[in-house]
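One structure is given below, encoded as structure tokens.
The values are calculated or read from the model by the stated rules, or taken from the named source; none is laboratory data. Everything numeric in this text was worked out from a predicted model, so none of it was measured. Note that each Cβ is placed from the backbone with ideal geometry, even for glycine, and that neighbours are counted across all protein chains shown.
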Amino acid sequence: MIAVKLVGGAKKSFLKEILEIDKSDISIQELLELLLELKPVDSPKLDIENILIAINGVDSSAMNGKSTIIKNNDLVSIIPVIHGGTSKKITFEILSKQIQIIEIKGKSTIGVKFIDDLRKKYPKILFQAVSSNFIMNVYHLKKILSLSLESKKNNILLSNKLETDILMRFALTTQISDAIMTAGIKPRTNFILIAIGNKKFLNLLFDDLSTLSVNLFSKKNDSFLKKHFKITQKQIDSAYSKNPLEDILVEKAAVLL
């Protein structure tokens, strides 16, 4: 027997929060195919391409992705990632948290003080800034944020602050100083501003920063990430995934201790 916990919009697809599946020793992929068969015809669509899947509280991307085998009595949580927005901002929801990302054009005059000033101006928003070089795409970003938010929920953050945990996972280090030095704001380098808070204040924030923003993820940085984190082509070729580099980065971030 497998218990499937449906979070957020996923509950609407099945009209209930918990499903009991009379199977075991099946892969996540097989479970998803089964869920699509079991979903009532007249209920909202379950978008299996925009969900996070955890087994007993552990993100499946830190295991074997959709090939992960689900055992008897396991609890599988399915968490939709809701997103939308323009090319200059993306807003989405993870674990009921409203998140907005904006890419800011790097300038010599923009540094750590820029973030400190934003925190003073918008005290109800949680901010973190990560060098654009260290975020591959929105898939990578959402997975890392999911890890950090799950860690906060389970009281297992890498540091005592959620925003610091986020930076450390993108930098793939347990040392705060190393994370700031490698993946933090650098002069004349674009950075991704991650903002978590109320939708009203997030909209005000974007209006405030729109003249400084640029199109998100316009520069490919996979070569930089592979070189920086010493990820070989052999590792990428052996990963069973549609997004091998992103999943390797997420897996490394998930096992930081």
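List of remarks:
- Residue satisfying all of: in region 110-147; among the β-branched types (Val, Ile, Thr) and assigned to a helix (DSSP H, G or I); surrounded by the most Cβ atoms within 10 Å (Cβ to Cβ) among these: Ile144
- Failed item in (1) in the same structural domain as Val214 (by TED's automatic domain parsing); (2) in contact with a helix residue (DSSP H, G or I) (Cβ under 7 Å, 6 or more places away or on another chain), with Ser87 passing the rest: (2)
- Residue among Lys66, Lys105, Lys71, Lys97 that alone is among the basic types (Lys, Arg), touching a strand residue (DSSP E or B) at 6+ places or on another chain (Cβ under 7 Å) and outside the structural domain of Ser238 (by TED's automatic domain parsing): Lys66
Residues are listed down the side, and each one gets a yes or a no for (1) modelled with pLDDT under 80; (2) in a loop (DSSP other than H, G, I, E, B); (3) more than 24 Å from Leu147 (Cα to Cα); (4) within 17 Å of the chain's Cα centre (by Cα):
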residue	(1), (2), (3), (4)
Ser13	no, no, yes, no
Leu32	no, no, no, no
Ala54	no, no, no, yes
Ser61	yes, no, no, yes
Ile78	no, no, no, yes
Ile90	no, no, no, yes
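- Number of residues in region 198-246 that are closer than 23 Å to Glu103 by Cβ and either part of a loop (DSSP other than H, G, I, E, B) or touching a Ser or Thr at 6+ places or on another chain (Cβ under 6 Å) (or both): the value is 10.
- Boolean, Glu93 is without any contact (Cβ under 8 Å) to a residue 24 or more places away in the chain and closer than 27 Å to Gln128 by Cα: no
- Residue check for Ile194: surrounded by 18 or more Cβ atoms within 10 Å (Cβ to Cβ) and assigned to a helix (DSSP H, G or I): no
- Number of residues in region 160-179 that are touching a helix residue (DSSP H, G or I) at 6+ places or on another chain (Cβ under 7 Å) and outside any loop (DSSP other than H, G, I, E, B): the value is 12.
- Hits in region 222-240 - residues which are surrounded by fewer than 17 Cβ atoms within 10 Å (Cβ to Cβ) and not basic (Lys, Arg): Asp222, Ser223, Phe224, His228, Phe229, Thr232, Gln233, Gln235, Ile236, Asp237, Ser238, Tyr240
- Scanning region 148-159 for residues that are part of a helix (DSSP H, G or I) and either polar (S, T, N, Q) or crowded, with 17+ Cβ neighbours inside 10 Å (or both) turns up Ser148, Leu149, Glu150, Ser151.
- Check on Val250, touching an Asp or Glu at 6+ places or on another chain (Cβ under 8 Å) and either surrounded by fewer than 18 Cβ atoms within 10 Å (Cβ to Cβ) or outside the structural domain of Leu149 (by TED's automatic domain parsing) (or both): no
- Among residues of region 154-170 being within 19 Å of Glu246 (Cα to Cα) and in contact (Cβ under 8 Å) with a residue 40 or more places away in the chain, the one that is farthest from the chain's Cα centre (by Cα) is Met168.
- Residues satisfying the stated conditions in region 84-109, i.e. within 26 Å of Asn243 (Cα to Cα), surrounded by fewer than 20 Cβ atoms within 10 Å (Cβ to Cβ) and not hydrophobic (A, V, I, L, M, F, W, C): Gly84, Gly85, Thr86, Ser87, Lys88, Thr91, Glu93, Ser96, Lys97, Gln98
- Summed over region 184-232, the residues that are under 21 Å from the mean Cα position of the chain (by Cα) and under 18 Å from Phe170 (Cβ atoms) give a count of 22.
- Filtering region 1-11 to residues that are surrounded by 13 or more Cβ atoms within 10 Å (Cβ to Cβ) and outside any helix (DSSP H, G or I) leaves Ile2, Ala3, Val4, Lys5, Leu6, Val7, Gly8, Gly9.
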